[in-house]
Each structure stands twice: as C-alpha cells, then as structure tokens.
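First the structure, in the form of structure tokens, and then the observations on it.
The values are calculated or read from the model by the stated rules, or taken from the named source; none is laboratory data. Predicted model, so just to flag it, every value in this text is computed and none were measured. Glycine also receives a Cβ, built like all others from the backbone with ideal geometry; neighbour counts cover every protein chain displayed.
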Amino acid sequence: MSDSQGEEVRGLALFATMGDVNFKALMRGTYVQNFPPRIDLIHENEPADFLHVVLSGAVDLFSQWNRRETSMATVRPVSTFILAASISDLPYLMSARTLEKSRIALIPSQDVRRMFAADTAFATAIAAELANSYRTVVKNTKDLKLRTSLERLANYLLRQSRTRGAPDFDLTTEKKRLASFLGMTPENLSRAFRALEPHGVKVEGSHITITDPQGLARYAKPNPLIDDYST
C-alpha cells in the first residue's frame, strides 16, 4: 500500500484516532487491489478473512436465498464493509460485488482484531461505527415495515434530493437494483414513479426532477427517526 492510499484509509473516522505505531502495523499487512465491474468480492457464509475499504468505485452488498436476490446497500468511497463479521470472526451475512471499476484495500481481519484489543481509541471507534450501523439497520427496517412501497420511493427521492442539494438529479443506481433495495419488483417501481407524478415527480430515464418538493414532502411525510442517517 502506498503512502497516499494509507492516508485515504487514515482519513476514515474508524482509523483516524489510532496511534501512529498501531496504524502503521495494521497497514503493514494491508494490500490494495483494482477490480473490474461485476466481480464478486465476498460470498455470504464465507469466513470474514478481510475488512474491505472502498477507495474508489462502488460495491453492491446483496443477499440470496431460495433463488431470490435482494440488494442490501451500496458502498461508496471512502468507507468499509463488513466490519461486524471481521471483528467478531463470524461468517459474512452478505455478499458483495463491484458495480464499477473499483479500488479496494483489504485489511486482514486477524490484524483488525489484534488492534481492537491493543488500541483503545481504535476499539472506541469500532464501537461507534457498529452502533451507527445498528441504527441504520433499524431505520431501514422501519422504512420497510411502516411504509407502503410508494411512500418508500417518495422518501428515497427526497433523501437523494437533500443529499445532492438540488431538486433534479440522476439516479446513481440502475432501477432494477433500486427496486430491490426498496423491496419492490422493477414493474412496481415503474408504476410507483408514475403514481408519484401528481405529487411532483418527473422521470426521464434515470433523471429525476422534483417539480413540487413541498407537495412530495406532504405525501411522503419524512421522519428524521427513519430518514436522517446522521441521527
């Protein structure tokens, strides 16, 4: 791993407060690989040999059962996956594949566990990261269980608009994956986009324009205890 790549990893809150000696020791066994699109990185139920850090590109976390597949999350730079399996030395609960050309740092899980025991600041950061991940899972579960598919899509679009700081934006994921993430079929997603037109949503391919943000918000009823991932 180059010094510049190490600095990218060091910039994450998870590693920012580690002691210099311990961070250098952790990076000593780390290596960086470039992956083309649509490459499987890990499979659920495999041993968690590495903590992955996405330095560039994008990674889809997904799960499969009984010939069904669902998208769980998209990981973008600079962030890690899947920390819980690495620190607990348990099998992965999700699989991961690249969505585009990606550069990923692989940190041996045994080194992560060793530094967890040796570096108090690192252990505290891991606890905070896992706590945030737990809260995100709770919010996603509330979104799925308390809202209709149309309400989920409306709130997703409002979150995307808020993140981009603009009422119009391009979807960063293909519609098939978006439907899976929202717990819908692609056909239901298409119908849901049309159903949101009276509430101020205009769709042209992958480009979204929210023509009436207040009207969409009145319909969606966003709730910070579900939609604000910073709380």
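Specify which of the listed residues (79, 95, 86, 109) is surrounded by fewer than 19 Cβ atoms within 10 Å (Cβ to Cβ), assigned by TED's automatic domain parsing to the domain that holds residue 8 and either modelled with pLDDT of 95 or more or within 17 Å of the chain's Cα centre (by Cα) (or both).
Going through 79, 95, 86, 109 in turn, the sole match is 79.
Given the criteria under 22 Å from residue 140 (Cβ atoms) and touching a Leu at 6+ places or on another chain (Cβ under 9 Å), does residue 79 qualify?
Criteria met by residue 79.
Taking the options 50, 81, name whichever one is of a type outside the set (A, V, I, L, M) and either under 19 Å from residue 131 (Cα atoms) or touching a Lys or Arg at 6+ places or on another chain (Cβ under 9 Å) (or both).
81
Closer than 30 Å to residue 179 by Cβ and either touching a Leu at 6+ places or on another chain (Cβ under 7 Å) or in the same structural domain as residue 156 (by TED's automatic domain parsing) (or both): is that true of residue 129 in this structure?
yes
Among the listed residues 66, 45, which satisfies the condition of being among the polar types (S, T, N, Q) and farther than 24 Å from residue 175 by Cβ?
45
For residue 231, indicate whether it is in contact with a Pro (Cβ under 8 Å, 6 or more places away or on another chain) and farther than 12 Å from residue 152 by Cα.
Spelling it out, residue 231 is indeed in contact with a Pro (Cβ under 8 Å, 6 or more places away or on another chain) and farther than 12 Å from residue 152 by Cα.
Do we have residue 39 as in the same structural domain as residue 132 (by TED's automatic domain parsing), within 15 Å of residue 110 (Cα to Cα) and either among the aliphatic types (A, V, I, L, M) or free of Cβ contacts under 8 Å to residues at least 24 places away in the same chain (or both) here?
So residue 39 does not fit the description; no.
Got a number for residues in the range 60-73 being out of contact with any Lys or Arg (no Cβ under 8 Å at 6 or more places or on another chain), in a strand (DSSP E or B) and of a type in the set (S, T, N, Q)?
3
State all residues of the range 151-177 that are under 15 Å from residue 227 (Cβ atoms) and in contact (Cβ under 8 Å) with a residue 40 or more places away in the chain; if no residue qualifies, say none.
Once the filter is applied, which keeps residues that are under 15 Å from residue 227 (Cβ atoms) and in contact (Cβ under 8 Å) with a residue 40 or more places away in the chain, the range 151-177 yields 151, 153, 154, 155, 157, 158, 159, 160, 161.
Within the range 4-15, can one find any residue that is buried (at least 16 other Cβ atoms within 10 Å of the Cβ), outside any loop (DSSP other than H, G, I, E, B), in contact with a Pro (Cβ under 7 Å, 6 or more places away or on another chain) and touching a residue at least 12 places away in the same chain (Cβ under 8 Å)?
Within the range 4-15 (the criterion being buried (at least 16 other Cβ atoms within 10 Å of the Cβ), outside any loop (DSSP other than H, G, I, E, B), in contact with a Pro (Cβ under 7 Å, 6 or more places away or on another chain) and touching a residue at least 12 places away in the same chain (Cβ under 8 Å)), the answer is no, since none of the residues qualifies.
Going through 97, 76, 103 one at a time, which residue ends up being without any contact (Cβ under 8 Å) to a residue 60 or more places away in the chain and within 15 Å of residue 33 (Cα to Cα)?
97
Out of everything in the range 165-207 that is at pLDDT 95 or above and among the aromatic types (Phe, Trp, Tyr), what residue ends up being farthest from residue 147 (Cα to Cα)?
If we take residues in the range 165-207 being at pLDDT 95 or above and among the aromatic types (Phe, Trp, Tyr), then 169 is farthest from residue 147 (Cα to Cα).
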